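Peer 1: To start, I am sharing the structure in question, which I have written as structure tokens.
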Ligand SMILES: NC(=O)c1ccc[n+]([C@@H]2O[C@H](COP(=O)([O-])OP(=O)(O)OC[C@H]3O[C@@H](n4cnc5c(N)ncnc54)[C@H](O)[C@@H]3O)[C@@H](O)[C@H]2O)c1
């Protein structure tokens, strides 16, 4: 039996992260599209990783339970990487909430029941979660702790009609959920954190850059403090640190990695964007 790394969402950010923590372990590659997981498996296999693939839909609780069962047959789950998600240009409100908000919450809860002592997890959230103004203390509490099956029935979540808002709330919920899960994960000797990337060049970002909000994104990049988009490897490096022995005192936290874009949005040259969000 081996230590197991579970990656859900085998896009570029997920792959970059799993490669950094997967050596010598069994890497489970799960994705809604089995062919995406298989394409990733070919690359991983060719680079010396031991892998298996599974089709998983994180919007289904049952599918997540099957993923947990699949992972456990190879050993104990040492790392969870959730890099599955749909963006505002790819999906309607209900699908964004079901995958990004509810699905991530179920994944954290179910893997929080089996994560190994000394284990760690990261959820890829987004800078979009930092574009919402402050929620009330009660809303924060509800997003962090409401039982997963009741999350989508919260009145302020049910009231969302705009896909960008659905994405922003989902990503805010990811970081709050991680904070809520730090206690159960901690009781098992494990840490759980979220990473909120800015625009990272991947197929998902390419859709956004070409989508209805594309021009805005391109201008935002030009005027941001870093003046460029990020790369999946930069996100992977941060995730590697959080999941390494050096990150053991870090749990329940969210890390922005956006080249200063959020800071500029609230306080700098990108304040003009507030009118459009
Ligand atoms: N690329 C960016 O600029 C950027 C910025 C901030 C946050 N993110 C977040 O990073 C994560 C990874 O995105 P990426 O850029 O690598 O995109 P990607 O599209 O390459 O990867 C996302 C993967 O998630 C899978 N997926 C979608 N719905 C699923 C479901 N219901 N169950 C299981 N898998 C599902 C897709 O099939 C895809 O392979 C997403 O959560 C995204 O919101 C991306």
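The values are calculated or read from the model by the stated rules, or taken from the named source; none is laboratory data. Keep in mind that this is a model prediction, so the values were computed, not measured. Please note: Cβ atoms are built from the backbone with ideal geometry, for glycine as well, and neighbour counts cover all protein chains shown.
Peer 1: Working only within the range 158-168, note down all residues that are in a helix (DSSP H, G or I) and over 18 Å from residue 273 (Cβ atoms). Steps first, answer last, please.
Peer 2: Filtering the range 158-168 down to residues in a helix (DSSP H, G or I) leaves 158, 163-168.
Those that are in a helix (DSSP H, G or I) and over 18 Å from residue 273 (Cβ atoms): 158, 166.
Peer 1: Then there's this: Mind listing whichever residues of the range 181-190 are part of a helix (DSSP H, G or I) and either buried (at least 24 other Cβ atoms within 10 Å of the Cβ) or touching a strand residue (DSSP E or B) at 6+ places or on another chain (Cβ under 8 Å) (or both)?
Peer 2: Narrowing the range 181-190 to residues part of a helix (DSSP H, G or I): 181-187.
Matches in the range 181-190: 181, 182, 185.
Peer 1: Of all residues in the range 93-110, which are closer than 30 Å to residue 76 by Cβ and within 14 Å of the ligand (Cβ to nearest atom)? Break it down into steps so the answer makes sense when it comes.
Peer 2: Step one: list which residues in the range 93-110 are closer than 30 Å to residue 76 by Cβ, which gives 98-110.
98, 99, 100, 101, 102, 103, 104, 105, 106, 107, 108, 110 - these are the residues of the range 93-110 that are closer than 30 Å to residue 76 by Cβ and within 14 Å of the ligand (Cβ to nearest atom).
Peer 1: Also, quick follow-up: Any idea which of (1) under 25 Å from residue 151 (Cβ atoms); (2) within 10 Å of the ligand (Cβ to nearest atom); (3) out of contact with any helix residue (DSSP H, G or I) (no Cβ under 6 Å at 6 or more places or on another chain) is the one residue 83 doesn't satisfy?
Peer 2: Residue 83 satisfies all of (1) under 25 Å from residue 151 (Cβ atoms); (2) within 10 Å of the ligand (Cβ to nearest atom); (3) out of contact with any helix residue (DSSP H, G or I) (no Cβ under 6 Å at 6 or more places or on another chain) except (3).
Peer 1: From the list 153, 117, exactly one residue is out of contact with any helix residue (DSSP H, G or I) (no Cβ under 9 Å at 6 or more places or on another chain), without any contact (Cβ under 8 Å) to a residue 40 or more places away in the chain and over 24 Å from residue 40 (Cα atoms). Which is it? Talk me through it step by step, then tell me what you get.
Peer 2: Numbers: 117 fails: without any contact (Cβ under 8 Å) to a residue 40 or more places away in the chain.
Exactly one of 153, 117 is out of contact with any helix residue (DSSP H, G or I) (no Cβ under 9 Å at 6 or more places or on another chain), without any contact (Cβ under 8 Å) to a residue 40 or more places away in the chain and over 24 Å from residue 40 (Cα atoms), namely 153.
Peer 1: Do we have any residue at all in the range 40-61 that's within 11 Å of the ligand (Cβ to nearest atom), in contact (Cβ under 8 Å) with a residue 12 or more places away in the chain, crowded, with 17+ Cβ neighbours inside 10 Å and more than 30 Å from residue 146 (Cβ to Cβ)?
Peer 2: Yes, the range 40-61 contains at least one residue that is within 11 Å of the ligand (Cβ to nearest atom), in contact (Cβ under 8 Å) with a residue 12 or more places away in the chain, crowded, with 17+ Cβ neighbours inside 10 Å and more than 30 Å from residue 146 (Cβ to Cβ).
Peer 1: Considering (1) surrounded by fewer than 22 Cβ atoms within 10 Å (Cβ to Cβ); (2) more than 12 Å from the ligand (Cβ to nearest atom); (3) at pLDDT 95 or above, say which one residue 130 fails and leave the rest.
Peer 2: (2)
Peer 1: Between a first residue in the range 66-90 that is closer than 18 Å to residue 238 by Cβ and a second residue that is assigned to a loop (DSSP other than H, G, I, E, B) and within 13 Å of the ligand (Cβ to nearest atom), which pairs have beta carbons less than 6 Å apart while being 6 or more apart in sequence or on different chains?
Peer 2: 83/9
Peer 1: So if I check each of 174, 193, which one is outside any helix (DSSP H, G or I), buried (at least 18 other Cβ atoms within 10 Å of the Cβ) and within 16 Å of the ligand (Cβ to nearest atom)? Break it down into steps so the answer makes sense when it comes.
Peer 2: On the way: 174 fails: outside any helix (DSSP H, G or I).
Being outside any helix (DSSP H, G or I), buried (at least 18 other Cβ atoms within 10 Å of the Cβ) and within 16 Å of the ligand (Cβ to nearest atom) holds for just one of 174, 193, which is 193.
Peer 1: Still on this structure, I have one more. Among the candidates 86, 93, 114, single out the residue that is over 16 Å from residue 143 (Cα atoms), within 15 Å of the chain's Cα centre (by Cα) and either at pLDDT below 95 or surrounded by fewer than 21 Cβ atoms within 10 Å (Cβ to Cβ) (or both). Before the answer, list the steps.
Peer 2: Details: 93 fails: within 15 Å of the chain's Cα centre (by Cα); 114 fails: within 15 Å of the chain's Cα centre (by Cα).
None of the others qualify; the one that does is 86.
Peer 1: Next question. Need at least 3 residues that are in contact with a strand residue (DSSP E or B) (Cβ under 9 Å, 6 or more places away or on another chain), surrounded by 19 or more Cβ atoms within 10 Å (Cβ to Cβ) and in contact (Cβ under 8 Å) with a residue 12 or more places away in the chain per element, so show me which helices (runs of 4 or more DSSP H) inside the range 211-277 make the cut, counting only ones lying wholly within it. Talk me through it step by step, then tell me what you get.
Peer 2: Numbers: elements: 214-223, 232-243, 261-267.
In the range 211-277, 232-243 are the helices (runs of 4 or more DSSP H) which contain 3 or more residues that are in contact with a strand residue (DSSP E or B) (Cβ under 9 Å, 6 or more places away or on another chain), surrounded by 19 or more Cβ atoms within 10 Å (Cβ to Cβ) and in contact (Cβ under 8 Å) with a residue 12 or more places away in the chain.
Peer 1: Shifting gears a bit: May I ask you to say which residue of 210, 165 is within 16 Å of the ligand (Cβ to nearest atom) and modelled with pLDDT of 95 or more? Working first, answer last.
Peer 2: Numbers: 210 fails: modelled with pLDDT of 95 or more.
Exactly one of 210, 165 is within 16 Å of the ligand (Cβ to nearest atom) and modelled with pLDDT of 95 or more, namely 165.
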